[in-house]
1. I'm told K83 meets every condition in (1) at pLDDT 95 or above; (2) within 17 Å of N36 (Cα to Cα) except one. Can you identify the failing condition by its number?
2. Of the residues F123, F99, only one is loosely packed, with under 12 Cβ neighbours inside 10 Å and either at pLDDT below 60 or not charged (D, E, K, R) (or both); which?
3. For segment 46-66, state whether one or more residues are among the β-branched types (V, I, T), farther than 15 Å from F29 by Cβ, over 13 Å from the mean Cα position of the chain (by Cα) and in the same structural domain as Y30 (by TED's automatic domain parsing).
4. Take the residues of segment 24-58 that are part of a strand (DSSP E or B) and polar (S, T, N, Q): which is farthest from F130 (Cα to Cα)?
5. Criterion first (modelled with pLDDT under 80 and not assigned by TED's automatic domain parsing to the domain that holds N25) does F137 satisfy it?
6. Could you run through segment 42-66 and say how many residues are surrounded by fewer than 14 Cβ atoms within 10 Å (Cβ to Cβ), hydroxyl-bearing (S, T, Y) and modelled with pLDDT of 90 or more?
Amino acid sequence: MQSNEVIKQSQVSRREHMSQVSLNNGYWFYFDHEGNDISMWGSVFSGKEKVSFNNEVVSSFRNLSSTKSEHAFTKNGHEYLVKTHMTHVLRGELNVTLFCDGKEVASETLSQLEKGNLLKSFFSMDKFLFVGLIVGFLCGYLGFMSFSG
């Protein structure tokens, strides 16, 4: 029993290091079911979502009007369902759950911003966003000063 728990912890740890989120690359979730790789990608900008089974895209669509979506597909005699739910829009927190034959197999949540440390999360965002904010502020300020004086 103890060895099984170590294996489970190892698989969770590996999956947590593989799944990631960024403004440039979007959300990436990775799951393993019976030796099959199931991945879900979601674009931060366009709302495009893709689910792949062993690197073959099995479901793809654009979701711009809802905080929830479902991707259903059949492979190797199993009915799979991947559910997504944006649980916190301002933090960019997305939960993805994998079901096989109606039973939950795995679930994972990723967030653009860290919970509880908004300032640290803001400065750790993509550098282009941060530079863009500073340049935009300076251009606005200098433009205002040149027309007001």
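1. So the condition that K83 fails would be (2).
2. Going through F123, F99 in turn, just one is loosely packed, with under 12 Cβ neighbours inside 10 Å and either at pLDDT below 60 or not charged (D, E, K, R) (or both): F123.
3. There is no residue in segment 46-66 that is among the β-branched types (V, I, T), farther than 15 Å from F29 by Cβ, over 13 Å from the mean Cα position of the chain (by Cα) and in the same structural domain as Y30 (by TED's automatic domain parsing).
4. By that ranking, first place goes to N36.
5. For F137, the condition - modelled with pLDDT under 80 and not assigned by TED's automatic domain parsing to the domain that holds N25 - is not met.
6. Result for segment 42-66: 1.
The values are calculated or read from the model by the stated rules, or taken from the named source; none is laboratory data. Predicted model, so just to flag it, every value in this text is computed and none were measured. Here the Cβ is made from the backbone with ideal geometry for all residues, glycine too, and neighbour counts use every protein chain on show.
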